[in-house]
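A quick write-up on the structure given underneath.
The values are calculated or read from the model by the stated rules, or taken from the named source; none is laboratory data. What you see is a predicted model; the values in this text were computed from it and never measured. Cβ sites come from the backbone with ideal geometry, for glycine too, and all protein chains shown count toward neighbours.
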């Protein structure tokens with residue numbers, strides 16, 4: 001009888017830690033946005049889940065199982081619902097999975113955000129799939145506005161901070177060490193590929209995905225009390241046959257070009273310091289731009305700087321942010337100075353709901369061009385409501 005009770009107790013203990021916990025979380029953010037300026041496509045008003053919102057909309061599924069010994073296995077899948085907001089499709093970009101089609105394009109499928117399988121425990125955390133990159137984390141350390149309106153993450157595709165930092169890499173692996181006295185180390189590797197030729201008749205997706213550049217990130221973070229510091233190095237390997245999606249015009253490979261690209265190396269240091277009701281932020285970066293698909297002879301070199309301050313008054317948060325990116329040696333265009341000034345006023349209705357007023361002014365550093373979405377000045381003023389769950 002005693003042996004039977006011991007066996008039953010053992011079975012019960014195994015089933016106790018072998019159960020899987022499943023949760024659904026997310027965030028929905030909609031804004032009424034007004035666009036103005038002399039940049040092409042910068043005039044008009046709209047309701048949007050994209051440009052003008054204070055946060056990214058997402059629906060996340062998480063399944064976690066405790067397998068014993070302090071080790072947990074987690075499956076995470078994040079969906080991007082913005083396609084249903086008539087804001088465009090999820091991307092098939094070469095390195096970064098974030099891009100958009102013009103406002104008003106109707107898409108009938110979810111895009112993808114972060115997705116990974118994870119093992120975590122006393123050894124730290126290992127994620128395989130498409131986890132968020134450390135360069136996105138570093139940007140967050142220097143940006144109280146995240147990647148939302150006024151943050152300087154991007155204004156047009158692959159502009160500003162998104163030129164040299166990355167949201168995530170498809171087919172990558174990330175390791176995060178345990179935190180010791182506030183200090184942690186982080187590694188990420190995306191193996192990429194370099195297909196020698198592209199067969200005639202291949203579809204857009206088939207031509208695109210095998211030709212991702214190999215990339216890696218190394219980061220260190222220190223968070224202790226009011227101090228938060230992070231430094232990241234982002235490297236992109238040279239490749240002989242990178243798919244140039246800028247030249248894509250049809251599904252026929254005869255209309256698609258590929259190009260050789262040189263290696264890139266970018267360093268970014270971010271910090272913030274909490275003074276009580278006020279927090280100050282700063283970030284500095286320099287090096288090669290990983291997200292620009294150019295020939296080796298026309299690779300861009302960026303120098304970026306970010307400054308921000310956030311002040312809280314009860315339920316009200318006021319944030320000012322300034323971003324500057326100086327790009328040189330970009331083909332024959334010479335040096336370009338891009339700046340973005342942002343402001344956000346948020347009224348926190350609860351711990352999970354907020355209304356906000358957002359504003360940003362983006363100066364591309366290029367002359368006004370009525371046929372270009374990357375030249376001139378664009379202003380966004382938005383009034384939005386977000387709810388997380």
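What are the residues in the stretch 46-60 that are within 12 Å of residue 27 (Cα to Cα) and over 13 Å from the mean Cα position of the chain (by Cα), if any?
Applying the first criterion (within 12 Å of residue 27 (Cα to Cα)) to the stretch 46-60 yields 49, 53-60.
Of everything in the stretch 46-60, those that are within 12 Å of residue 27 (Cα to Cα) and over 13 Å from the mean Cα position of the chain (by Cα) turn out to be 49, 53, 54, 59, 60.
Screening 30, 61, 35 for residues that are over 25 Å from residue 151 (Cα atoms) and either crowded, with 16+ Cβ neighbours inside 10 Å or at pLDDT 95 or above (or both) leaves exactly one candidate, 61. Flag: residue 182 matches the condition of being farther than 17 Å from residue 284 by Cβ, surrounded by fewer than 18 Cβ atoms within 10 Å (Cβ to Cβ) and touching a strand residue (DSSP E or B) at 6+ places or on another chain (Cβ under 6 Å). Candidates 307, 320, 347: the one that is modelled with pLDDT of 95 or more, in a strand (DSSP E or B), more than 24 Å from residue 138 (Cα to Cα) and in contact with a strand residue (DSSP E or B) (Cβ under 8 Å, 6 or more places away or on another chain) is 347.
With the structure loaded, tell me whether residue 205 is assigned to a strand (DSSP E or B) and modelled with pLDDT under 95 or whether it fails that test. Before you say what the answer is, go through the steps one by one.
Numbers: assigned to a strand (DSSP E or B): no; modelled with pLDDT under 95: yes.
So residue 205 does not fit the description; no.
Name every residue in the stretch 352-372 that is more than 21 Å from the chain's Cα centre (by Cα) and at pLDDT below 95, in order of residue number. Scanning the stretch 352-372 gives 363, 365, 366, 367, 368, 369, 370, 371, 372.
For the stretch 306-316, a residue qualifies if it is surrounded by fewer than 18 Cβ atoms within 10 Å (Cβ to Cβ) and either without any contact (Cβ under 8 Å) to a residue 24 or more places away in the chain or under 23 Å from the mean Cα position of the chain (by Cα) (or both), and the qualifying residues are 307, 309, 314.
Quick check on the stretch 365-376. Is at least one of its residues assigned to a strand (DSSP E or B) and surrounded by 14 or more Cβ atoms within 10 Å (Cβ to Cβ)?
The initial filter retains those residues of the stretch 365-376 that are assigned to a strand (DSSP E or B), namely none.
No, the stretch 365-376 contains no residue that is assigned to a strand (DSSP E or B) and surrounded by 14 or more Cβ atoms within 10 Å (Cβ to Cβ).
Name the residues in the stretch 131-157 that are within 11 Å of the chain's Cα centre (by Cα) and either part of a loop (DSSP other than H, G, I, E, B) or on the phi > 0 side of the Ramachandran plot (or both), would you?
Pass one, the stretch 131-157, residues within 11 Å of the chain's Cα centre (by Cα): 131-140, 146-148, 153-154.
Of everything in the stretch 131-157, those that are within 11 Å of the chain's Cα centre (by Cα) and either part of a loop (DSSP other than H, G, I, E, B) or on the phi > 0 side of the Ramachandran plot (or both) turn out to be 131, 133, 146, 147, 148, 153, 154.
The residues of the stretch 165-194 that are modelled with pLDDT of 90 or more and in a loop (DSSP other than H, G, I, E, B), listed by number, are 165, 166, 167, 177, 178, 179, 181, 182.
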